[in-house]
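Chemist: Quick one: the structure is below, questions incoming.
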């Protein structure tokens, strides 16, 4: 590509911290893994370096990023291409803060536009019958029922569920309150009532009042490891197993969150309140979680009649 980077001019890590490492350190663990992979792909596939740590970030320029943007747009869906661009811009911002990247060049790179376009949103919302079947499939353990109750009844992300401590739960006259630490270390309170509150209360009664992680990991036989926290991947595993037993098809923890948003909006809750409950800083993010539109389009299509008579041979 034009304006190739010199392969041997990587700053010494002893003198200048690696801006890619600094950028990744600002992210949550789940996002860190995704962005680290994105940066390695960019370094290897588009710039000819083995990985992001070997890339001399201070040598990147506006022309490089424009070429990369074009190639990303040709290779990936817009959301993925823009995630890669955001990662590069984040690293270069850290390089500027370290004093190894020119500010005027950073301004030019900031002006690079996102890849336009959108794709059909992944995931789905559960029907009421599926949710009921899913909860019935947790009969083997109160922990799994409590996990699903928080995923749907409070719309928590799987990292938020696994990160809860017993001390984050308190019971009040009006119901149960959960303190959640979300993305960007932002705290919010979520409120549980009826079945969700009862599922959490039953799990805590079975678990005991020992302080520490709310959800404990489990051994093969299902016995809980007292005091040992559960990973966010374990949340996904729990849901997959329950979905398989319930026969409701493929589900992810985020599908519970999508169902939470869609059902609240369907019940007439205003979108600003739903955004606050979900921990979204922007209402536009909440709109992407709403799956009611697809169902409405499906029903609307059924109102049309195409006068087609099948040709019989």
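Chemist: Among the numbered criteria (1) modelled with pLDDT under 90; (2) within 18 Å of the chain's Cα centre (by Cα); (3) not in a loop (DSSP other than H, G, I, E, B), which single criterion is violated by residue 235?
Modeler: The number of the failed condition is (1).
Chemist: Out of all the residues in the range 176-216, which are in a loop (DSSP other than H, G, I, E, B), surrounded by 11 or more Cβ atoms within 10 Å (Cβ to Cβ) and at pLDDT below 90?
Modeler: 182, 193
Chemist: Find the residue count for the range 259-304, including only residues that are in a helix (DSSP H, G or I) and either within 23 Å of residue 181 (Cβ to Cβ) or modelled with pLDDT of 80 or more (or both).
Modeler: Counting residues in the range 259-304 that are in a helix (DSSP H, G or I) and either within 23 Å of residue 181 (Cβ to Cβ) or modelled with pLDDT of 80 or more (or both) gives 23.
The values are calculated or read from the model by the stated rules, or taken from the named source; none is laboratory data. Bear in mind the structure is a predicted one, so any value in this text is a computation, not a measurement. Here Cβ is always computed from backbone atoms with ideal geometry, including for glycine, and neighbour counts include all displayed protein chains.
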